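Report on one structure; see the data block that follows.
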Amino acid sequence: MSIELGHFALILAFAISAVSAVGGFAFWRSGQRIALALSQGAVLQFILVAVAFAALIQAFVTSDFSLLLAANNSHSLKPLIFKISGVWGNHEGSMVLWILILVAFGAMVAAFGRRLPSDLLALVLATQSLLTAAFAGFTIFTSNPFARLIPAPLEGNDLNPVLQDIGLAIHPPLLYAGYVGFSICFSFAIAALISGRIDQAWARWVRPWTMLSWTFLTLGIAMGSYWAYYELGWGGWWFWDPVENASFMPWLAGTALLHSALVMEKRNALKIWTIFLSIITFSLSLLGTFLVRSGILTSVHTFASDPTRGLVILTLLALVIGGAFALFAFRASTLRQGGLFAPVSREGALILNNLFLATAVGAVLVGTLYPLLLDALAGTTISVGAPFFDLTFGSLMAPLLLVLPFGPLLAWKRADIVGAAQRLIGAAALAIFATILISALGGVSISLAPLGLLLGFWVAFGAIAELVDRSKLGRIPLGESARRLFGLPRSAWSTAIAHFGIGITVLGIVATTAWETERVTTLNPGESTELSGYLIAFDSFAQVPGPNYISDEGRFTITAPGGDKRQMLADRRTYVASGMPTTEAAIETYGFSQLYLQLGEPLDDTHVVRIWHKPYITLIWLGALLMAGAGFLSLTDRKLRVGAPRRAARQTPQAAE
């Protein structure tokens with residue numbers, strides 16, 4: 001019965017969203033009344049989709065295999081957490097999660113946007129309802145998650161073993177929150193183009209939603225990277241997979257949108273560019289949806305292989321993206337740019353930042369889509385891999401990182417580049433010293449590693465230099481400097497922390513790429529090997545039953561260069577239902593570095609063991625966490641509260657006295 005209830009709730013949400021979209025666009029000039037009705041409709045959509053999603057979770061948790069989705073993607077022996085996460089470990093269930101997050105953001109706008117102008121709020125909610133109707137309709141008519149299976153089987157087919165991991169419980173919800181969150185920016189852009197309300201207040205309303213979405217997407221990408229790193233067993237943290245690129249492009253565009261909205265808020269400039277970025281960022285999110293679900297890719301990330309559904313998604317993308325850009329082309333000529341500024345200014349630095357980021361998006365987009373288009377049009381299969389992306393993306397990011405510390409130190413409208421450079425002399429000296437020291441310790445070789453380290457330290461120390469400069473450390477008494485430092489706006493702290501996080505991530509990427517060591521050998525229990533000063537002893541091998549798999553476990557003792565001994569457990573699991581194997585790597589962290597060990601397939605009477613030493617690799621994800629933390633910190637700043645500021649009440653004569 002709960003299955004039918006969930007199905008009905010999803011259909012009802014589709015109907016309400018369709019009516020809200022039509023009514024909102026037709027009567028958006030009606031004022032507060034239509035805004036209130038659409039707000040109530042947005043909340044109701046969220047409740048209904050939440051009911052539908054809860055029905056799916058109940059079916060998976062109770063192993064109700066009369067639900068086709070549960071029969072194809074679950075098993076009664078699975079641990080509870082994997083039963084729940086299995087709801088979105090497939091195409092149909094993940095679409096319901098997507099719609100749930102979409103209506104959740106719409107409900108948040110309805111709840112926190114009451115102080116927005118009623119006409120703008122009505123158009124934003126109408127656009128959100130239109131997107132909800134489109135995706136709910138696609139799900140109901142082409143990917144019904146509530147299809148029944150009669151007679152119900154006694155047991156399910158189980159979920160892909162690679163997905164039976166805590167990463168599935170964390171990564172997709174975070175990633176979707178980032179993807180779908182940019183729909184709010186898209187809806188604000190459409191509302192602005194229709195109403196003509198594009199000013200500094202509009203940028204102030206958009207920026208918190210952009211920040212929230214960007215923060216979730218940062219966490220989602222970081223979690224996906226670490227999940228692939230420890231689960232797939234090949235020791236890599238980024239492969240430039242087309243679906244990885246599909247999540248990275250909205251992040252780059254969203255980063256540009258954040259900075260562009262800041263210029264628009266402060267100087268009422270870059271209106272056309274900010275609107276364009278709002279549209280293109282969500283469009284890139286939709287492109288990722290198409291790549292995952294169209295069947296044109298063969299990847300561990302892909303959910304669907306049905307070309308019919310892929311054609312429907314492509315048509316949906318064409319309508320949404322094409323309609324948005326048609327409206328943009330029609331209305332962009334009516335927009336005026338606003339404030340003027342000198343090339344050397346904070347505005348100029350942010351425009352330069354946008355230029356590099358937009359070019360990087362273009363490079364990644366071409367490298368991702370060109371092989372697919374060439375295969376579709378000419379039948380020629382080529383591979384665009386890491387060398388292309390490393391060269392093009394790295395070439396674009398190096399100059400961006402070089403100028404990044406200057407931006408926060410430049411004044412608005414007109415700035416002194418020499419003065420900013422003087423305030424960064426200390427950061428430059430520290431960066432050079434740290435680069436020489438680390439290069440000497442890591443072993444000097446002819447490579448670009450020292451340059452990469454220099455850029456990473458430069459960005460990190462430059463972020464610290466910004467705080468030092470704003471607190472006037474060394475120029476005023478220490479106590480007063482500390483008060484100034486901790487009295488800085490949270491937005492200033494978040495900027496410095498985010499830039500520091502970028503520097504930390506760059507250091508992790510460079511260090512692990514330049515100084516990673518690897519050994520592939522064969523070992524029997526009782527034998528040992530050595531890598532980068534670590535002694536790895538193979539203690540024992542045994543077969544151990546798991547909840548829904550049989551595990552071949554290898555136990556190892558690791559002796560670090562300093563004499564510290566630790567135990568590591570690597571295993572290969574064979575799942576009972578599917579018979580599919582997975583590799584579970586053993587990872588031990590030493591400071592910011594890691595020792596990564598994988599137990600390979602048996603070779604005759606011995607075992608293949610792959611070992612990597614990855615210096616400072618955890619800095620990659622530590623930097624991402626710092627960036628995300630900076631985003632959440634920025635959202636607590638009073639300047640980023642959602643809604644228009646209320647006018648102060650006029651004082652009465654008595655109060656004035």
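The values are calculated or read from the model by the stated rules, or taken from the named source; none is laboratory data. Quick caveat: nothing in here was measured; it's all calculated off a predicted structure. Please note: Cβ atoms are built from the backbone with ideal geometry, for glycine as well, and neighbour counts cover all protein chains shown.
Restricting attention to the range 354-384 and to residues that are of a type in the set (Gly, Ala, Ser) and either outside any loop (DSSP other than H, G, I, E, B) or in contact with a helix residue (DSSP H, G or I) (Cβ under 9 Å, 6 or more places away or on another chain) (or both), the residue that is surrounded by the fewest Cβ atoms within 10 Å (Cβ to Cβ) turns out to be Ser383.
Only residues that are at pLDDT below 95 and loosely packed, with under 15 Cβ neighbours inside 10 Å were counted across the range 6-39, and they come to 5. Looking across the range 50-107, the residues that are more than 18 Å from Glu4 (Cα to Cα), of a type in the set (Gly, Ala, Ser) and in a loop (DSSP other than H, G, I, E, B) come down to Ser74, Ser76, Gly89. When the range 177-219 is limited to residues that are in contact with an Asp or Glu (Cβ under 8 Å, 6 or more places away or on another chain) and not basic (Lys, Arg), the one that is surrounded by the fewest Cβ atoms within 10 Å (Cβ to Cβ) turns out to be Gln200.
So that you can scan it fast, the table gives a plain yes or no per residue for (1) touching a residue at least 60 places away in the same chain (Cβ under 8 Å); (2) of a type in the set (A, V, I, L, M, F, W, C):
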position: Ile170; (1), (2): no, yes
position: Tyr176; (1), (2): yes, no
position: Arg197; (1), (2): yes, no
position: Ala201; (1), (2): yes, yes
position: Leu232; (1), (2): yes, yes
position: Gly236; (1), (2): no, no
position: Ala246; (1), (2): yes, yes
position: Lys271; (1), (2): yes, no
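Out of curiosity, is Leu175 out of contact with any Leu (no Cβ under 8 Å at 6 or more places or on another chain) and over 20 Å from Arg331 (Cβ atoms)? It is false that Leu175 is out of contact with any Leu (no Cβ under 8 Å at 6 or more places or on another chain) and over 20 Å from Arg331 (Cβ atoms). Scanning the range 552-581 for residues that are of a type in the set (A, V, I, L, M) and closer than 14 Å to Asp539 by Cα, we see that the one that is surrounded by the most Cβ atoms within 10 Å (Cβ to Cβ) is Ala570.
Criterion applied to Thr274, Thr281 was being part of a helix (DSSP H, G or I), surrounded by 14 or more Cβ atoms within 10 Å (Cβ to Cβ) and modelled with pLDDT of 95 or more, and the one residue passing it is Thr281. Looking across the range 461-476, the residues that are of a type outside the set (A, V, I, L, M, F, W, C) and touching a residue at least 40 places away in the same chain (Cβ under 8 Å) come down to Gly462, Glu466, Asp469.
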